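The values are calculated or read from the model by the stated rules, or taken from the named source; none is laboratory data. Just so we're clear, the structure is a prediction, and the values are computed from it rather than from any experiment. Methodologically, a virtual Cβ is constructed for each residue, glycine included, from the backbone with ideal geometry; neighbour enumeration extends over all protein chains shown.
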Amino acid sequence: MITVGVTGGIGSGKTTVCKIWEELGATVIYADDLAKELMQTDEQLKQSLTEAFGENTYLEDRSLNKPHLIKEAFEKHRVEELNEIVHPVLRDRIKEQIHLREKEGTDVFVVEAAVLLNNGRPDYVETVVLVTSDREKRVERVIERDQSTEKEIIARLEKQPDFDNATHLVDHIIENNGSLKELEDAAKKLYKGLTKKRDSSSKV
């Protein structure tokens, strides 16, 4: 099994690349979705978040009070603190999934995460792919996708990692400044190369 990390900024097209790879047979974990699930279901994590951000972090039915957590984390500049609580639990769950999928015979396991390189290159992926796109293109895509204002999108962009300074940590870069067809072609070409590399390694 080959493990691949896919990262990139909001609107870069990293999720689209992963969806294309899923259609080709890859197993993909979307870190944002998994983190949200863990914040709802992992009792120890829920306790840690409550201790850090207050009793209002969860509602009476024990579901996550997203507006409260967003306000505490983003408006009070505590995003790093939030990440330090959630990411170790997320990392452990991803590693569990990798071991499980390998036993099941999965060929390609992909982790999609904007924060993949926040603490350097993670040890649980063999290959890292960065999906990049011009800032203007990214803003246009997210405005169309989320129906958000340009000001809101730029504010979100400013809170994301500087991927230009992380290129030394990646193995492959997909530039997404053209059409969807061009992105599909680039994604399929890279996927073919990755699986061919895996097949060659398995024969050694």
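Regarding segment 6-26, can at least one residue be identified that is farther than 24 Å from Thr106 by Cβ and either among the aliphatic types (A, V, I, L, M) or part of a helix (DSSP H, G or I) (or both)? Within segment 6-26, one or more residues are farther than 24 Å from Thr106 by Cβ and either among the aliphatic types (A, V, I, L, M) or part of a helix (DSSP H, G or I) (or both). Cβ separations smaller than 8 Å between residues 6+ apart or across chains give the following pairs from segment 166-195 residues that are over 19 Å from Arg141 (Cα atoms) and in contact (Cβ under 8 Å) with a residue 24 or more places away in the chain to residues that are among the aliphatic types (A, V, I, L, M) and in a loop (DSSP other than H, G, I, E, B): Ala166/Leu117; Leu169/Leu117; Val170/Leu117; Lys188/Leu24; Tyr191/Leu24; Tyr191/Ala26.
Meeting the requirement of 1 or more residues that are within 22 Å of Asp33 (Cβ to Cβ) and touching a Cys at 6+ places or on another chain (Cβ under 9 Å), the helices (runs of 4 or more DSSP H) wholly within segment 110-204 are 180-203. Scanning segment 34-72 for residues that are outside any helix (DSSP H, G or I), over 22 Å from the mean Cα position of the chain (by Cα) and not polar (S, T, N, Q) gives Gly54, Tyr58, Leu59, Glu60, Asp61, Arg62. Look at segment 19-34: where a residue is basic (Lys, Arg) and a partner is crowded, with 17+ Cβ neighbours inside 10 Å and assigned to a strand (DSSP E or B), sitting 6+ places away or on another chain with Cβ atoms under 9 Å, you get Lys19/Val28. Filtered by the rule that a residue be acidic (Asp, Glu) and either within 17 Å of Arg145 (Cα to Cα) or at pLDDT below 95 (or both), segment 5-32 gives a lone residue, Asp32.
Yes/no per residue for (1) touching a residue at least 60 places away in the same chain (Cβ under 8 Å); (2) not basic (Lys, Arg):
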{"site": "Leu69", "(1), (2)": "no, yes"}
{"site": "Glu75", "(1), (2)": "no, yes"}
{"site": "Asn118", "(1), (2)": "no, yes"}
{"site": "Tyr124", "(1), (2)": "yes, yes"}
{"site": "Arg135", "(1), (2)": "no, no"}
{"site": "Arg141", "(1), (2)": "yes, no"}
{"site": "Thr149", "(1), (2)": "no, yes"}
{"site": "Glu158", "(1), (2)": "no, yes"}
